[in-house]
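Structure record follows, encoded as structure tokens.
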Amino acid sequence: MTAPAATDMRIASHLDKFRRLDALRARLDPLADFELWYWTTLTAGTNALNAVMHATGMTSDDPVFSTIPGVHMVRQADGSYARELRGPGDVSHVGWPPVEGDAPPDLHELEHALEAIEEHRDPCLRGERAPTAAIVAECETAFARVRTVLAGRCGSHA
């Protein structure tokens, strides 16, 4: 069996995480388990964002991982890892770290969907606002848009 090309590893990893998190969120009760459900939803969405950013070429799909913006852990020939300064890699949230370049419309759509989900993070998780069925529905609608963009960019692999 041939090893996957280096350009496929990162996208494949994000897609695998997305699928596993999406399956987990389906087993949670969105209201009774809101905090876990919410973080699972947001983390799945962030993995979708990173897969799409790699697929569009906005960020590198190199088989390295970011620690802080611009600093990556890179596997060395002896199997160890070393820090290297590189361009942007994975993002933690929409716009963090900022990624330069002209993003295609579908990437903007995915970012807006994630922002709609993130709008509920602080008020609902810090106790200022109780989660409601309406908030869950808004998050589900936004997450459906995330799925659509991911499937459009990553096809049957999503």
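If you take the residues of the stretch 23-36 that are in contact (Cβ under 8 Å) with a residue 60 or more places away in the chain and not acidic (Asp, Glu), which of them is surrounded by the fewest Cβ atoms within 10 Å (Cβ to Cβ)? Spell out how you get there, then give the answer.
Restricting attention to the stretch 23-36, the residues satisfying the condition of being in contact (Cβ under 8 Å) with a residue 60 or more places away in the chain are 30-31, 34-35.
Narrowing further to those that are not acidic (Asp, Glu): 30-31, 34.
On the way: PRO30: 18, LEU31: 13, PHE34: 20.
Once the filter is applied, the top-ranked residue is LEU31.
Can you pull out the residues in the stretch 125-150 that are in a helix (DSSP H, G or I), at pLDDT 95 or above and not β-branched (Val, Ile, Thr)?
Scanning the stretch 125-150 gives ALA133, ALA134, ALA137, GLU138, CYS139, GLU140, ALA142, PHE143, ALA144, ARG145, ARG147, LEU150.
Answer yes or no: is there a residue in the stretch 104-119 that is within 23 Å of HIS14 (Cβ to Cβ), in contact with a Ser or Thr (Cβ under 7 Å, 6 or more places away or on another chain) and at pLDDT below 90.
Among the residues of the stretch 104-119, at least one is within 23 Å of HIS14 (Cβ to Cβ), in contact with a Ser or Thr (Cβ under 7 Å, 6 or more places away or on another chain) and at pLDDT below 90, which makes the answer yes.
Pairs only if they're at least six apart or on different chains, beta carbon under 7 angstrom, first in the stretch 141-156 and within 18 Å of LYS17 (Cβ to Cβ), second crowded, with 19+ Cβ neighbours inside 10 Å and acidic (Asp, Glu); list them, first residue then second.
As it stands, the answer is none, since no pair meets every condition given.
Does THR40 satisfy being β-branched (Val, Ile, Thr) and modelled with pLDDT under 95?
Working: β-branched (Val, Ile, Thr): yes; modelled with pLDDT under 95: no.
Spelling it out, it is not the case that THR40 is β-branched (Val, Ile, Thr) and modelled with pLDDT under 95.
For GLU115, work out the one condition from (1) farther than 15 Å from ASN47 by Cα; (2) among the charged types (D, E, K, R); (3) under 17 Å from the mean Cα position of the chain (by Cα) it doesn't fulfil.
All conditions are met except number (1).
The values are calculated or read from the model by the stated rules, or taken from the named source; none is laboratory data. Only a predicted model underlies this, so the values are computations on that prediction, with no experimental measurement involved. Cβ: placed from backbone, ideal geometry, glycine included. Neighbour counts: every protein chain shown.
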